[in-house]
Amino acid sequence: MEEDTLIQISNHIKEKRREKNITVQELALRANVSKGLISQIENSRTIPSLMVLIDIIKALEIDLNEFFKDIRTKSNHPPILVKRKSDYEHFEKEHAIGFHYQRIFTEVISQSTVDIVILELEPGAERPMVETEAFEYKYILSGEIVYQFTNESITLSQGDSLLFDGRVPHTPQNLASQTATILVVYFFEEKK
């Protein structure tokens, strides 16, 4: 991200907090972070992780799209990146049967990488629980799956989505009789 964009995000958080008459301490409690971190973010002294930023925006009770709509890069136009379906890269991952991945897009953004994938999950597809060094966003394009975590399972249908820290052991299961298709977005943060 450009420095200008980061300053816009910091200023936007501060403006929205003040508009809603929320103190730094209240926002910190709502977002489950320290008061010092909110102060550092608002003063552009630190960059929040994706999950912390989402928690802060939710704590301000603002829609994510609404929050980012006025934030622009220096060119004042968001980048438009196109990749045609015929260019998607097919690959295999883990010790999995019935998992068909297509990499849609991978882009390094400053000190992080976004990896966008389509996963087709056959009925009865299986693999052991895995951990990923990334935050993961899943959007169910078609079908129904059960997402298994260590102590929880969540059923997702077409149009449902899920965002979680991939370091938590997880795996999807397709218990239906039709192939499920999932849009998967991995957010990898570069280690310093």
Of the listed pairs Lys14/Lys69; Lys35/Lys69; Lys35/Lys138; Lys16/Lys138; Lys14/Lys138, those with alpha carbons more than 23 Å apart are Lys35/Lys69; Lys35/Lys138; Lys16/Lys138; Lys14/Lys138
Leaving ligands and nucleic acids out of the surface, order Arg18, Arg167, Arg127 by accessible area at 1.4 Å, largest first. Arg18, Arg167, Arg127
For Ala125, what residues show an amide H to amide H distance below 5 Å, using hydrogens built from the backbone and excluding near sequence neighbours? Asn174
If R0 is 35 Å, what FRET efficiency do you get for Glu189 and Glu26 from their C-beta distance, rounded to 0.05? 0.80
Probe radius 1.4 Å, ligands and nucleic acids ignored: give me the carbon and sulfur share of the accessible area of the stretch 127-168 as a rounded percent. 45
May I ask you to give the solvent-accessible area per residue for the stretch 14-70, in square angstrom, as obtained with a 1.4 angstrom probe? 61
Calculate the FRET efficiency for Asn65 and Asp165 from the Cβ-Cβ distance with a Förster distance of 22 Å, rounded to the nearest 0.05. 0.45
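The values are calculated or read from the model by the stated rules, or taken from the named source; none is laboratory data. Every value quoted in this text rests on a predicted model; they were computed, and no experiment measured them. When we count neighbours, we look across all protein chains shown, and the Cβ atoms used for this are built from the backbone with ideal geometry, even at glycine. Just so you know, the surface numbers come from the protein's heavy atoms only, side chains and all, with ligands and any DNA or RNA stripped out. Shrake-Rupley method; radii C 1.70, N 1.55, O 1.52, S 1.80 Å.
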